[in-house]
Amino acid sequence: MKWVIALVVIGALGWFGFQYMNNNAALDAENLAAEASKQAEEKAANAKAAATDALATAQESMPAGVDLGKINDNLSGVFSSTGEQLGGITDVESAQAAVPALEEASGKLSGLTDTISRLPDAAKGPIGGIISGGLATLQPIIEKVTAIPGVGPVVEPIVTPMMEMLEGLAG
């Protein structure tokens with residue numbers, strides 16, 4: 001009988017130990033994820049600051065009437081709008097509802113493409129950096145959305161040309 005009690009006690013201690021270790025592993029994973037997120041946010045903030053500085057420097061060499069700040073704002077609007085629309089897609093119906101806004105963003109991007117392609121080389125680097133950052137933000141969202149059954153055929157005809165334009169502008 002004593003050996004049964006000892007076995008139950010050992011089993012209980014083992015179970016509690018296992019639970020403790022699992023909780024520590026989960027906490028470690030959460031801490032690592034939080035740290036990675038923090039580092040990504042810091043890198044994004046540093047990249048944005050560097051792009052802003054480069055944009056300001058490039059603006060000094062622009063001909064009269066060329067406002068890189070306005071181009072940057074328009075690009076940010078395209079990225080923001082596209083990201084919001086794609087982020088709201090959960091099924092085919094929400095994808096179809098997002099199509100008009102995605103088409104509008106694509107149209108704005110087409111107009112910007114012409115303007116950006118005529119910029120002097122001094123401005124293309126900073127603008128390309130901004131575009132690269134936007135692409136890095138949109139790509140995972142697009143991959144997630146197009147993986148939803150039935151959504152790819154709805155959004156890809158709009159999103160694929162947009163991504164190709166952006167990749168071309170990013171250099």
Evaluated at q = 0.12, 0.19 Å⁻¹: base-10 log I(q)/I(0), Debye formula over Cα of the stretch 81-171: -0.37, -0.83
Dipole of the stretch 74-171, positive end: most advanced residue of Leu166, Gly129, Pro153 [Cβ charges, Cα centre]: Gly129
Label-point separation in nm, Asp67 to Thr160, each point 7 Å along Cα→Cβ: 3.7 nm
Between the stretch 107-124 and the stretch 136-164, the Cα center-to-center distance that results, in Å: 23 Å
Net lengthening on full extension, Ser76/Gln139 (0.36 nm per residue, minus Cα-Cα): 21.2 nm
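A short reminder: the numbers here are calculations on the coordinates, not readings from a lab. What you are looking at is a predicted structure, and each value in this text was computed from that prediction instead of being measured. Cβ coordinates were reconstructed from backbone atoms using ideal geometry, including for glycine residues, and neighbour counts include every protein chain displayed.
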